[in-house]
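Okay, so here's the structure we're looking at.
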Amino acid sequence: MLTVMDLRKSFVEYFKAKGHKIVPSSSLLPKDDPTLLFTTAGMVQFKPMFAGTVELEYTRAASVQKCLRTSDLENVGKTKRHLTFFEMLGNFSFGDYFKKEAIEFAWDFSTSVMGINSEKIWVSIYEDDDEAFEIWKNDIGVPEHKIVRLGKADNFWGPAGDSGACGPCSELYIDRGPEFGCGSDDCKPGCECERFMEYWNLVFNQFNQDINGNLNPLPRTGIDTGMGLERLATLLQGVDSVYETDEFKTLTEFIASESGIKYEGDAVVPMRVMAEHARSLTFAMTDGIYPSNEGRGYVLRRILRRALRYSRQLGIKEPFIHRIVDPVVSIMGEFYPELAQSARNIKSVIESEEKRFLDTIENGMSRLDSILSGIEPGSGSRLSGRDAFVLYDTFGFPYEMTAEIAAERGVPVDRKGFEAEMESQRERGRQSWKAGDEGLERFFDEAVKQCGDTVFTGYTDESSKSEISAIYTEDGASDIIEPGQRAFLVLDRTPFYGESGGQVGDIGLIAADGARFRVLDTKKNHRTVIHLGELESGKLKKGQQVTAEIDPVNRNLIRANHTATHLLQAALRKVLGEHVKQAGSIVDSEKMRFDFSHFSAMTDEEIYRVEELVNRKIWENREVGTEIMPLEKAVESGAMAVFDEKYEDTVRVVSVEGFSKELCGGTHVSNTGKIGVFSILREMSPGAGVRRIEAATLRGVLERYKERERFSEEICSALNISERDALKRIAEIQERLRGLEKEIKKLKGNDAASAADSLIASAKSIGPVKFVSKALSGADGNALKSLADAVREKLPDSVVCLGSEYDGKAILVYAATSSAIKAGFDCGKAMKQTAALVGGGGGGRPDMAQAGGKNPDGIPGALQAAEDFVKNAVS
Ligand code: SER
């Protein structure tokens, strides 16, 4: 049996022997194409070669390409052949061979390498492609009735994304036999049934489709073929579904044995979903696409949550999907060595994402269940957009997941309503940053068209003689600019670095004959450099000769921070491991912010070691070199690339002798010694699986030092101590405070006890009871109550009546022992009769009562009345 790995290898060997350059799979993140969410076909990385916008280093290529297609996500696992992640075997020609050779290669590889019985092969061609027909019939010898002409929907391919190469195509099919068919006499390729299975698509690229859908002839015709590896393996291994091919079987077996659930019956679909999605997640995350709330990241989150929903359906209550990463890596890691490097990080990101969703999925599911049980399938009622939105927003249910579950119960969802809810949420978010819009930005694209590329001289020079190519003010293009006007200038050449690759734009001056244009920021749009700023004096005209000069100190500080981020990345990889990859960075003159893939917070020890290592490399005064070389060579030499960066074919490689090597267009110091000193300010997490370090060099470090110094001065002056013996003095102050606290406690206790004693001494006997009363001031209700209590405890048969003026108001508290109550006294009743005398009301229980009033002057009268009450009550 040909295994999936055999197929990859034999495909590569075959086309290598036919003079093709074997090109590694490009990232799932398409690097040159914002119109594509993911790499969806082998040809994606070759789009510029078909378009003729790059110079060709070879004219035939072959690849095994990682692909991700998610438009049919809700079918994946339920059908025999839908996948999100798959591999595409493809051979390509850029102005080299065309239809005849492409057809011959496909036929030869099918019959002699894969051993497919030629009798079983059928082909389809584009309806009016007589040339292809002749080749199949005459050169290959396929009988005429096995060459089927199909229309545009089937046999015209492309482009991938909104624009690019496309053309008629021809497809190869295997006839699996009438037992798979529909029985119709006319059954042939193109029929909906299962008999003829397409396995190889040969695209004859002739056109370039522009963004408006117009077809123009391609500068050079080409070939783009694609054969789905998993589908091919299904056919060759004689199984019925992609999930029964060797690699997938290993995964479903793993899931079955780890979960203790048999791969049969109701468990089949969930296990297929889990296996399939675990592959997609592993590959996408290896290429730097992480689950998030937007764009590609959100698609990934949907895949992950869908996998989790199915694992829950199997009855697995714990995070499980992350455990499938290891078998994926061990099966496919030989061909894709990049998988192993990131596996640990990926597992931990998936696991934390699983935990997060498991927290809400139970509640979300029961909510969804109860909504669905209230909707009669087929009644025309739908699940409302509002409900779908709440499930999304509160329980983390991707819309498509809600829709899929609802569809399983025969209930449609109001998608428009959901989108309207989403839009109003977005609108709420947008309002806050609208104000930041710059009036000048809207002319950037026009400036690019007008001026083309700017020559950048700033790697070596700090000033240049230049000519003004264009001036744009807030009103648009202008020939002249007056003092005080905000504008941007485009020059033919410039030393100003336009913000890119995380490095901020330069500041400086553009000057000529008394005119001074202060550059406050520099941007780069495509390859046009845009100098934003204000004319301080004089006049500048389009076409005028000027001197453009960056602020050299500012640039030196930026250089130091930029080279330091390279040292930081290398140090992080040494200390934390090779899975560390840059996920974003910002470098300015004050500090750097560096985001990288890593699964847990760094320990103090790790932070210390990284900082140490970076400083060592700085103090070793290592040379920093830059070199321009072909991308391929750079990557081969081990230069680090950032996954979502767009690189040209020739790239700039920045290396710190023996320590770091990165693709980078930024500006750097020539020797690490110029970085001076490096300090990590903060380590934190901006999102799952990503850590962020903020650090500084040179002025940034000095400023932080100054800030700390000011802070400690403020502390010392507030405590009135000198910095020299601050710690000793603070310890003394704390000691004294502790002493004082003790003292206060003691005094308070003494106070209450002695107050109670003196009250007891003043007790009057009234019949069988002892009566104590006193008007105090400044004691609140609680203090009065504790005092009354203390007296009652110590003095048998007592009635205690206390009053206090507190905060301009009166408080009365009465307390009585049980024997006094037996003798006839009732605090609650006494209070009812006397509270009015302090301008208030209140009552309470027989043993304790409290009241407040507006009139503190009434306190002595109230206490007298209470005494009278006692006399009456106990006589
Ligand atoms: N681009 C074509 C496809 O995706 C052939 O590679 O099918």
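Just wondering, is there one or more residues in the stretch 594-614 that are touching a Phe, Trp or Tyr at 6+ places or on another chain (Cβ under 7 Å) and either of a type outside the set (Asp, Glu) or in a strand (DSSP E or B) (or both)?
Step one: list which residues in the stretch 594-614 are touching a Phe, Trp or Tyr at 6+ places or on another chain (Cβ under 7 Å), which gives 611, 614.
Now restrict to residues that are either of a type outside the set (Asp, Glu) or in a strand (DSSP E or B) (or both): 614.
Yes, the stretch 594-614 has at least one match.
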Check the stretch 62-73 and report whether any residue there is within 15 Å of the ligand (Cβ to nearest atom), within 35 Å of the chain's Cα centre (by Cα) and within 30 Å of residue 130 (Cα to Cα).
-> yes
Just checking, how many residues over the stretch 207-238 are part of a helix (DSSP H, G or I) and within 16 Å of the ligand (Cβ to nearest atom)?
-> 4
Scan the stretch 136-149 and give yes if some residue there is surrounded by 18 or more Cβ atoms within 10 Å (Cβ to Cβ), more than 16 Å from the ligand (Cβ to nearest atom) and part of a loop (DSSP other than H, G, I, E, B), otherwise no.
-> yes
Could you please give the count of residues in the stretch 197-218 that are surrounded by 13 or more Cβ atoms within 10 Å (Cβ to Cβ), over 38 Å from the mean Cα position of the chain (by Cα) and modelled with pLDDT under 90?
-> 1
Does the stretch 464-485 contain any residue that is surrounded by fewer than 14 Cβ atoms within 10 Å (Cβ to Cβ), among the aromatic types (Phe, Trp, Tyr) and touching a strand residue (DSSP E or B) at 6+ places or on another chain (Cβ under 9 Å)?
-> no
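Identify the residue in the stretch 163-177 that is modelled with pLDDT of 85 or more and in a loop (DSSP other than H, G, I, E, B) and, among all such residues, is nearest to the ligand (Cβ to nearest atom).
Just the residues of the stretch 163-177 that are modelled with pLDDT of 85 or more, to begin with: 164-177.
From what is left, the residues that are in a loop (DSSP other than H, G, I, E, B) are 176-177.
Numbers: 176: 20, 177: 25 Å.
Across the stretch 163-177, the extreme among qualifying residues is 176.
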Considering only the stretch 565-600, state which residues are of a type in the set (Lys, Arg), in contact with a helix residue (DSSP H, G or I) (Cβ under 7 Å, 6 or more places away or on another chain) and within 23 Å of residue 498 (Cα to Cα).
-> 591
Quick check: anything in the stretch 624-634 in a helix (DSSP H, G or I), more than 27 Å from the chain's Cα centre (by Cα), surrounded by fewer than 16 Cβ atoms within 10 Å (Cβ to Cβ) and acidic (Asp, Glu)?
-> yes
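Within the stretch 534-550, restricting attention to residues that are in contact with a Gly (Cβ under 9 Å, 6 or more places away or on another chain) and surrounded by 18 or more Cβ atoms within 10 Å (Cβ to Cβ), which residue is farthest from residue 457 (Cα to Cα)?
Taking the stretch 534-550 as the starting set, the residues that turn out to be in contact with a Gly (Cβ under 9 Å, 6 or more places away or on another chain) are 534-539, 548-550.
Next, from what is left, pick out any that are surrounded by 18 or more Cβ atoms within 10 Å (Cβ to Cβ): 535, 548-550.
Numbers: 535: 23, 548: 11, 549: 11, 550: 11 Å.
Once the filter is applied, the top-ranked residue is 535.
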List, please: which pairs have Cβ atoms under 9 Å, are six or more places apart or on different chains, and start with a residue in the stretch 82-102 that is at positive phi and end with one that is assigned to a loop (DSSP other than H, G, I, E, B) and of a type in the set (Ser, Thr, Tyr)?
-> 95/59
Within the bounds of the stretch 778-787, is there any residue that is within 20 Å of residue 874 (Cα to Cα) and in contact with a helix residue (DSSP H, G or I) (Cβ under 9 Å, 6 or more places away or on another chain)?
-> no
Could you list, in sequence order, the residues of the stretch 151-177 that are surrounded by fewer than 17 Cβ atoms within 10 Å (Cβ to Cβ) and under 22 Å from residue 132 (Cα atoms)?
-> 151, 152, 153
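Quick check on residue 682: is it surrounded by fewer than 18 Cβ atoms within 10 Å (Cβ to Cβ) and closer than 30 Å to residue 351 by Cβ? Break it down stepwise before answering.
Working: surrounded by fewer than 18 Cβ atoms within 10 Å (Cβ to Cβ): yes; closer than 30 Å to residue 351 by Cβ: yes.
So residue 682 passes the test.
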Any hit, the stretch 178-196, residues being buried (at least 21 other Cβ atoms within 10 Å of the Cβ), farther than 29 Å from residue 38 by Cβ and within 16 Å of the ligand (Cβ to nearest atom) = no
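With the condition kept exactly as written, say whether any residue in the stretch 791-809 is part of a helix (DSSP H, G or I), among the acidic types (Asp, Glu) and surrounded by fewer than 23 Cβ atoms within 10 Å (Cβ to Cβ). Spell out the reasoning first.
Quick first cut of the stretch 791-809, residues part of a helix (DSSP H, G or I) only: 791-794.
Now drop any that are not among the acidic types (Asp, Glu), which leaves 793.
After this cut, where a residue has to be surrounded by fewer than 23 Cβ atoms within 10 Å (Cβ to Cβ) as well, the list is 793.
Within the stretch 791-809, one or more residues are part of a helix (DSSP H, G or I), among the acidic types (Asp, Glu) and surrounded by fewer than 23 Cβ atoms within 10 Å (Cβ to Cβ).
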Inspect all residues belonging to the stretch 5-15 and state whether any of them is crowded, with 23+ Cβ neighbours inside 10 Å, away from the ligand (no atom under 15 Å from the Cβ) and either modelled with pLDDT of 95 or more or under 22 Å from residue 641 (Cα atoms) (or both).
-> yes
Answer with yes or no whether residue 827 is surrounded by 21 or more Cβ atoms within 10 Å (Cβ to Cβ), within 19 Å of residue 854 (Cα to Cα) and of a type outside the set (Ser, Thr, Tyr).
-> no
Criterion (farther than 25 Å from residue 30 by Cβ, among the β-branched types (Val, Ile, Thr), in contact with a Lys or Arg (Cβ under 8 Å, 6 or more places away or on another chain) and not in a loop (DSSP other than H, G, I, E, B)) met by exactly one of 653, 575 | 575
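Criterion first (assigned to a loop (DSSP other than H, G, I, E, B) and among the small types (Gly, Ala, Ser)) does residue 788 satisfy it? Give the steps one after another, and end with the answer.
Values: assigned to a loop (DSSP other than H, G, I, E, B): no; among the small types (Gly, Ala, Ser): yes.
So residue 788 fails the test.
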Output the residues belonging to the stretch 703-735 that are surrounded by 14 or more Cβ atoms within 10 Å (Cβ to Cβ) and not small (Gly, Ala, Ser).
-> 704, 716, 721, 729, 730
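Out of the stretch 778-805, which residues are among the small types (Gly, Ala, Ser) and free of Cβ contacts under 8 Å to residues at least 60 places away in the same chain? Outline the logic, then answer.
Of the residues in the stretch 778-805, the ones among the small types (Gly, Ala, Ser) are 778-779, 781, 783, 786, 788, 790, 798, 803-804.
Those that are among the small types (Gly, Ala, Ser) and free of Cβ contacts under 8 Å to residues at least 60 places away in the same chain: 778, 779, 783, 786, 790, 798, 804.
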Regarding residue 318, is this residue among the charged types (D, E, K, R) and not in a helix (DSSP H, G or I)?
-> yes
Check whether at least one residue in the stretch 418-441 is part of a helix (DSSP H, G or I), modelled with pLDDT of 90 or more and among the basic types (Lys, Arg), and report yes or no.
-> no
Can you tell me which residues in the stretch 16-61 are within 16 Å of the ligand (Cβ to nearest atom), touching a strand residue (DSSP E or B) at 6+ places or on another chain (Cβ under 7 Å) and assigned to a helix (DSSP H, G or I)?
-> 42, 43, 46, 47, 49, 50, 51
Go through (1) over 20 Å from the mean Cα position of the chain (by Cα); (2) without any contact (Cβ under 8 Å) to a residue 12 or more places away in the chain; (3) assigned to a loop (DSSP other than H, G, I, E, B) one by one and return the number of the condition residue 293 breaks.
-> (1)
Residue satisfying condition, being part of a loop (DSSP other than H, G, I, E, B) and within 14 Å of the ligand (Cβ to nearest atom), within set 160, 153, 106 = 160
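Residues of the stretch 502-533 being outside any strand (DSSP E or B) and surrounded by fewer than 17 Cβ atoms within 10 Å (Cβ to Cβ), which ones? Give the steps one after another, and end with the answer.
Kept after step one, since they are outside any strand (DSSP E or B), are these residues of the stretch 502-533: 502, 504-507, 513-514, 526-527.
Within the stretch 502-533, 513, 514, 526, 527 meet the criteria.
The values are calculated or read from the model by the stated rules, or taken from the named source; none is laboratory data. A quick note: this is a predicted structure, and the numbers were derived from the prediction, not measured. Note: ideal-geometry Cβ built from the backbone for every residue, glycine included; neighbour counts use all protein chains shown.
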